[in-house]
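Here the structure comes first, spelled out in structure tokens, and everything after it is commentary.
The values are calculated or read from the model by the stated rules, or taken from the named source; none is laboratory data. From a predicted model like this one, the values you see are computed outputs, not experimental measurements. Neighbour counts run over all protein chains shown; Cβ positions are idealised from the backbone, glycine included. Calculation scope for accessible area: heavy atoms of the full protein, side chains included, ligands and nucleic acids excluded. Shrake-Rupley method; radii C 1.70, N 1.55, O 1.52, S 1.80 Å.
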Amino acid sequence: MESAPFSGTVGGHGGAHAVAAALHHGVDTMFTLSGGHVFPLYDAAVKPEPVMRLLDVRHEQTAVFAAEGVGKLTRRAGLAVVTAGPGVTNAVSGVATARFSGSPLVLIGGRAPDARWGQGLLQELDQPPLFATITKQARTVHETGSIAAAVDGAFTAANGAHRGPVFLDVPMDRLYDQAEAEPAGGAPAADRSPDPGEVSAVARLLSEAERPVLVLGGDVWLDGAEAAALEAAEELGVPVVTNGQGRGLLPGGHRLLANRARGAAFGGADLVVVAGTPLDFRLGHGLFGGKDGAPPAKVAHLADAADQIAGHLDLAASASGDLGALLRGIAAEAKPRPEAREWAERISGTAARAAASDAEALASTADPIHPARIYGELNRVLDDDAVVIGDGGDFVSYAGKYIEPRRPGNWMDPGPYGCLGTGMGYAIAARLSRPSSQVVTLFGDGAAGFSLMDVDTLVRHRLPVVMVCGNNGIWGLEKAPMQMLYGYDVAADLSPQTRYDEVVRALGGGGELVTDPEEIAPALRRAFDSGVPYMVNIATDPDNVYPRKTMGV
């Protein structure tokens, strides 16, 4: 997925140098919010030929989340451009989200001019140190003739394993200056072939295990290993749990998919092989087994780069490199025991029973509306290639339980950084990257407050998406835990039944408020048929919060 290094002669102002390098890496859209520090980048984008689409938003966070979303969906770095000072600082949370999600992203920031640096210029701030801990690279380019090479290097780094964000800023005077340059091109891509000994060690553990589990995470998708993952899972015949953007690597309903039996699978396992995701709070920090007095499970960790291998616990084995090659190699060598096949059948039965037990909640006629009813109706209207985006806490937790993607690369959420406000940027990215697919963004009413103004962006750029808001009038992830801890809560209430749908309508889209569970399905059909950004604002029961066992710490 990496491009050949950029080379050739490039001339004009610094913006032309930057855009030429970005075009070389397949970038077709610049996500931005206007600012004079970066006008040359716009000038270069709109000059033929080819023209780069300019998609301007209402808050810089949305520009960065849209570019990060493109990275997640296409597996090639998206480009965000923001002006100096507050434009850059508004982008920090989006960049941190990309860092924790392993999303390829390039952010170019404006910067006060070099010629008068230190004289108290407007928005004068040394910006790279803000990004030093959340990027693969963060630097200032001080020479116009070096801009193309720097942007080329930024995309190469962002797209290379382990993927992540890169930040560059360019002083205003250097961006406006004229120059001619001949970028020499960077070093060839590193060899990512797995170590055969590491592959054999993991395969040996799988051959010995009686109760193995395979976890497939977002990096499996980002590394282009989705076909290898499905083949390996079926060859091994072991229970599979998908994590984050790994959801859909085994399609919903697959006999080996154990997401609805996570507790039984992880609690009873004697070996857990985790591929393409960190051993973080979402996976109990890598502590598996121990159920009914059983010893802790052995853990093997597979990562796309050596520096992603977990260092906080003793691993039985680990391997790094191209995840597709790793999974195929392990599946080819491993010889699962008969007991492992029997274990997979038991877990499959547990998952099936759990799914069957969902029927009552998914069809609930409760008033106020049970959040699960929304997902019962949504599942009936989603196409196999629908892109489902979660931006919220409690309401989106229900989505994680009840929505199982049919295809890989079609699920998006804030990831392990847990930053609300991603939804509108991800919706923009999804509509551009998957123009023929349904796109639905699931908002909690708290999360909707972070980015709803960017419905204006959807309307101006004619990007129809469906928004579903689970409106319970509270911060659901905070209210119940605070009550549990202190017997009271503060700063956890929102106005009940706020008309977010009317906000969408005022901005040029469509929408409606739903208070009757029987009206959910007709409203969803109207939303998908509307051809405009459309909000289905559903009043849900504030007393029905997601029954979670951990707060992520």
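Summary of computed values
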{"item": "Only one of R462, R434, R373, R380 that is without any contact (Cβ under 8 Å) to a residue 40 or more places away in the chain and basic (K, R)", "result": "R462"}
{"item": "Enumeration of residues in region 216-235 that are open to solvent by 10 Å² or more (accessible area, probe 1.4 Å) and in a helix (DSSP H, G or I)", "result": "G218, D219, W221, E226, A227, L230, E231, E234, E235"}
{"item": "Every residue from region 236-251 that is touching a strand residue (DSSP E or B) at 6+ places or on another chain (Cβ under 9 Å), farther than 15 Å from P405 by Cβ and in a loop (DSSP other than H, G, I, E, B)", "result": "V238, P239"}
{"item": "Filtered residue count, region 485-536, keeping only those that are free of Cβ contacts under 8 Å to residues at least 60 places away in the same chain and open to solvent by less than 80 Å² (accessible area, probe 1.4 Å)", "result": "19"}
{"item": "Residue ranges of helices (runs of 4 or more DSSP H) in region 451-550 with at least 3 members of a type in the set (D, E, K, R)", "result": "500-506, 520-530"}
{"item": "Residue within region 425-443 that is farther than 23 Å from G531 by Cα and surrounded by fewer than 24 Cβ atoms within 10 Å (Cβ to Cβ) present", "result": "no"}
{"item": "Check on A66, farther than 28 Å from G145 by Cβ, open to solvent by less than 10 Å² (accessible area, probe 1.4 Å) and touching a Phe, Trp or Tyr at 6+ places or on another chain (Cβ under 8 Å)", "result": "yes"}
{"item": "Search result, residues across region 1-48 that are farther than 20 Å from H461 by Cα and either without any contact (Cβ under 8 Å) to a residue 12 or more places away in the chain or of a type in the set (S, T, N, Q) (or both)", "result": "S3, S7, T9, P48"}
{"item": "Residue that is nearest to D391 (Cα to Cα) [pool: residues in region 70-113 that are part of a loop (DSSP other than H, G, I, E, B) and of a type in the set (K, R)]", "result": "R75"}
